[in-house]
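What follows is one structure encoded as structure tokens, with my remarks underneath.
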Amino acid sequence: MPKACPHLLIDPGDLPEIVLFPGDPKRAERIAERLEGADRVAANREYHSFRGSYRGVPVGVTSAGVGAAGAAIAYEEAIRAGVKTLIRVGTAGSLCDEVRAGDLVVPFAAVRGEGASRQLVPLEVPAVAAPDVSAAWWAAAQAVGGGVHRGVGVSVDAFYRGVLDLGLDAYAASGAICVEMECAALYIVALLRRVRAGSILAIDGDARSASAGQHDPHRDLIRDAVDREIGVALDAVTRLAQASS
């Protein structure tokens with residue numbers, strides 16, 4: 001029998017109602033290693049799914065790849081399979097001096113600079129996280145210490161600069177604090193399908209330098225930040241579950 005979700009290769013009930021979405025399949029494995037009784041549910045292309053529990057709360061993990069279009073497929077099919085809360089656990093580039101490499105950011109909204117969400121709803125519809133989800137992740141981020149920030153992020157499609165201006169300076173001057181590729185699509189898909197979504201991001205460098213080719217996301221500083229954000233995400237899952245009980 002064909003799977004109900006042909007890209008994730010899962011059926012309804014295969015994932016818990018809360019799922020964390022890193023981009024990298026290896027990061028999905030790192031998260032799954034922290035779960036109790038973790039099992040691999042499926043693997044297809046960039047989409048690797050696991051399920052387990054954390055402090056008694058059922059948690060799933062699905063890698064969503066790089067970019068809004070492919071990630072949106074993961075979000076849509078996870079929702080089709082019964083997922084009710086979707087959390088992006090990823091990386092981003094800084095757009096301001098106050099947000100430094102190794103810091104964590106909880107974006108409560110995203111500028112819709114990517115193309116996927118524009119094909120789903122009018123551009124006037126804002127891309128915002130669910131307030132209770134964002135609050136839980138912010139509280140958990142503050143509890144771990146270090147550099148933590150919340151604000152508006154920017155989601156774009158292009159990583160490297162071409163002939164056209166990517167608009168990063170204008171976004172920074174407008175108050176946006178970081179740039180990445182998937183949050184806007186996640187928030188819009190969640191809004192459209194009437195589920196909850198949020199994000200936590202580890203800053204891996206300056207976005208304006210990265211777009212010019214000066215980018216090294218493999219430093220120990222960044223690996224440590226990703227480990228911190230995974231811990232924050234799992235702690236926030238328990239906070240959210242307690243608040244809902």
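The values are calculated or read from the model by the stated rules, or taken from the named source; none is laboratory data. Everything numeric in this text was worked out from a predicted model, so none of it was measured. Glycine also receives a Cβ, built like all others from the backbone with ideal geometry; neighbour counts cover every protein chain displayed.
For (1) hydroxyl-bearing (Ser, Thr, Tyr); (2) in contact with an Asp or Glu (Cβ under 9 Å, 6 or more places away or on another chain); (3) more than 18 Å from VAL99 (Cβ to Cβ); (4) surrounded by 16 or more Cβ atoms within 10 Å (Cβ to Cβ), each residue gets a yes or a no:
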residue	(1), (2), (3), (4)
ARG196	no, yes, yes, yes
ALA210	no, yes, no, yes
HIS215	no, yes, no, yes
ASP227	no, no, yes, no
ALA233	no, no, yes, yes
LEU240	no, yes, yes, yes
Does at least one position in region 91-100 carry a residue that is crowded, with 16+ Cβ neighbours inside 10 Å, within 19 Å of ALA32 (Cα to Cα) and in contact with a Lys or Arg (Cβ under 8 Å, 6 or more places away or on another chain)? no
3 or more residues under 14 Å from the mean Cα position of the chain (by Cα): qualifying strands (runs of 3 or more DSSP E) within region 1-117: 18-21, 57-62, 85-94, 104-112
Between residues in region 135-150 that are of a type in the set (Phe, Trp, Tyr) and residues that are at pLDDT below 95 and assigned to a helix (DSSP H, G or I), which pairs lie under 9 Å by C-beta distance while being six or more apart or on different chains? TRP137/ARG239; TRP137/LEU240
Of PRO12, PRO25, the only residue that is in contact with a Gly (Cβ under 8 Å, 6 or more places away or on another chain), surrounded by fewer than 21 Cβ atoms within 10 Å (Cβ to Cβ) and at pLDDT 95 or above is PRO12
Please identify the pairs in which a residue from region 66-77 that is farther than 17 Å from ASP11 by Cβ and without any contact (Cβ under 8 Å) to a residue 12 or more places away in the chain has its Cβ atom under 8 Å from the Cβ atom of a residue that is part of a helix (DSSP H, G or I) and of a type outside the set (Ser, Thr, Tyr), counting only partners at least 6 apart or on another chain. none
